[in-house]
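The values are calculated or read from the model by the stated rules, or taken from the named source; none is laboratory data. Bear in mind that the values here come from a model prediction, so they are computed numbers and not experimental data. Positions of Cβ are backbone-derived with ideal geometry, glycine not excepted, and every protein chain shown enters the neighbour counts.
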Amino acid sequence: MREEASVVFYGRNRFVFMDTMGCQTKLLQSFLHLVGPVNAILMSQICISFPSMENVKDGPAEYAISEDDADSLKLLRQFTNLTTLETLLYSFNPICRTEANQDAHHSQFVQGACSLVDTQLRIAIPTLRKIVIVFHEMIPKNEMVDLMHRFRWIIWRTDKNGEMKENYDSKRGGANVDMDRYHSRVAWAF
């Protein structure tokens, strides 16, 4: 691909790496191998699965990002011009799995997990300006949305067809992003 076309293609499109099997690192590695480091540098928007968290019983921290997701975050460092990261949050992710149990332990887990994810994303991607959390096929609890807003994350949800249904930020006077315009530029999906 010619240099001018590459700048437009990689710089102005949103690339989606949809992983529901815990193999996100392999998806990113394959993509990076295919496009090469020169084109990876041009990319400004990608979409990955929200990192999966786990409780750590024997360690200095209470929470840790799963091994595959930690490896994925290391790979994201190769996208040196990444400004927008969209993450898909599925119901099987541990921070959602027990959301119905509004006990203090789960609330503490969610707060710790979100704090760790925010820190790790901002360390891995220093150019990051926007983090978009998309609740896939579920309606988040108000407490979860409020917590995520504290990290300045943009919150959306989709229906079972993957159609964007709600932008939680426009209701709160936050970053109102035109979802149709934003999602009309999907260039790559796995």
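What to note about this one:
- Single residue of region 2-21 satisfying the filter (of a type outside the set (D, E, K, R) and under 14 Å from the mean Cα position of the chain (by Cα)) that is farthest from THR127 (Cα to Cα): THR20
- Residue check, THR80 farther than 23 Å from LEU147 by Cβ, surrounded by 13 or more Cβ atoms within 10 Å (Cβ to Cβ), β-branched (Val, Ile, Thr) and at pLDDT 80 or above: yes
- Residue within region 128-142 that is modelled with pLDDT under 80, of a type outside the set (Asp, Glu) and within 20 Å of LEU88 (Cβ to Cβ) present: no
- Looking across GLU86, GLU99, one residue alone is modelled with pLDDT of 85 or more and either acidic (Asp, Glu) or in contact with a Pro (Cβ under 8 Å, 6 or more places away or on another chain) (or both). It is GLU86.
- Tabulated pairs, region 42-58, first more than 15 Å from GLU86 (Cα to Cα), second at pLDDT 90 or above, C-beta under 8 angstrom, 6+ apart or interchain: LEU42/ASN81; MET53/LEU116; MET53/VAL117
- Test: residue in region 19-29 that is surrounded by 15 or more Cβ atoms within 10 Å (Cβ to Cβ), over 14 Å from LEU75 (Cα atoms) and either among the β-branched types (Val, Ile, Thr) or in contact (Cβ under 8 Å) with a residue 24 or more places away in the chain (or both): yes
- Flag for ASP180 being of a type in the set (Asp, Glu), at pLDDT 65 or above and out of contact with any helix residue (DSSP H, G or I) (no Cβ under 8 Å at 6 or more places or on another chain): no
- Candidate set: region 41-72, residues that are under 19 Å from VAL110 (Cβ atoms), of a type in the set (A, V, I, L, M) and in contact with a helix residue (DSSP H, G or I) (Cβ under 7 Å, 6 or more places away or on another chain); chosen: the one surrounded by the most Cβ atoms within 10 Å (Cβ to Cβ): MET53
- Reported count of residues in region 111-120, each being aliphatic (A, V, I, L, M) and buried (at least 20 other Cβ atoms within 10 Å of the Cβ), is 2.
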